[in-house]
Amino acid sequence: MRRYLGLKRIFLPWSRRDTTQNESSPLIPKASSAKEGDEERDNVTPESCQVGRDNQQDDSRVLVSNQPHYRYSFTDYFLKYFLFLCNLVFTVLGLVVLGLGMWGLLSKESFAQEKIGSIGTDPMLILVSLGFVLTLLCLSGCLGALRENCSLLKLFSATVLALITAQVLAGIVAYSLQGQVGSYLRSGMLAAMVHYQDDLDLRFIADEIQTNLQCCGADNYRDWELNIYYNCSAPGVLACGVPATCCVDPLENGTVWNSQCGLGARLLDEFSAQSVIFLGGCLGGMSRWIEQHEGLIGTVGIVVLGVQILTLFISTRLLERIHWHKMYM
């Protein structure tokens, strides 16, 4: 159209293109620098290239040598394998306790259909639970220490801390309720006497207490009237009697156990009965035993608590060492 109309192209001032080189732009090479670069490329020799490569290798060696390198010390190995061996021992102990509990349940046929409803009150269930928890806890600590597994070690440390807290709280509660311990013992002893013939575990506990403390019943030997088999109105041969573990000398000639030595003992007067059975109850004997062994009980409790605190310290220390080592790998 311009050709037909005869219009000429008009160049405005702001439409002119700057053909000169912008000296301030860093992306556009200067003419002088381009010439200098050509001269430097012409002056490059193979010797100078080799020197540059050697300098780069030396710099890399310096960087590598300056990087910190962490190695396991004797303390690290001691913490690791000491924690592993301790947890291994307690894992075996937990398996033994678990096995004893399962053996007790199976021997009493507690899983039978007619007994499965009362399995929750079975004392053997305490051994099973204790053995299972102890085995699981110590196995996690054992594998965590051996494999340097932070997750297992954290689980182990948290569980031990929870157990320590629970034991301290239980000790505080027991100390605050020490005036009521006697009533709790009496209730437990009477319950064992009532179910003496029905529960083998309670029978074993009652027999052990009466044999070792040389006592009979809770308060005195007449407490066996509570048992339906030893009650004087019972039709069996055990009526007005006591268990053989109440007898002063349940062995005949020192070798044969006389299981009938307590039959009819409560029909005798106290003067005649004292030569056959123990007249005193077991609550007094248990109170005296606790008072005599109070120091030993406290020492055992402190030692057990101290072992747990030491184990917690070692596991947390090992965790710190493992994290420290991974920082320099």
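Structure notes:
- Model label sites at Q292 and I205, defined 7 Å from Cα along the beta-carbon direction, differ in position by 2.2 nm.
- Normalised alpha carbon radius of gyration of region 200-329 [divisor 2.2 N^0.38 Å]: 1.78
- Peptide packing: for 307-314, 167-174, 187-194, 277-284, the average count of neighbouring Cβ atoms within 10 Å per residue gives the ranking 277-284, 187-194, 307-314, 167-174, highest mean first.
- Residue-span extension gain [L305 to V248] - 0.36 nm each, minus C-alpha spacing: 16.5 nm
- Apportionment of accessible area to carbon and sulfur, region 141-268, percent (1.4 Å): 61
- Per residue, the accessible area of region 197-280 comes to 56 Å² when a 1.4 Å probe rolls over the protein heavy atoms.
The values are calculated or read from the model by the stated rules, or taken from the named source; none is laboratory data. All values reported here derive from a predicted model rather than from experimental measurement. Positions of Cβ are backbone-derived with ideal geometry, glycine not excepted, and every protein chain shown enters the neighbour counts. Only protein heavy atoms, including side chains, enter the accessible area calculation; ligands, DNA and RNA are left aside. Shrake-Rupley method; radii C 1.70, N 1.55, O 1.52, S 1.80 Å.
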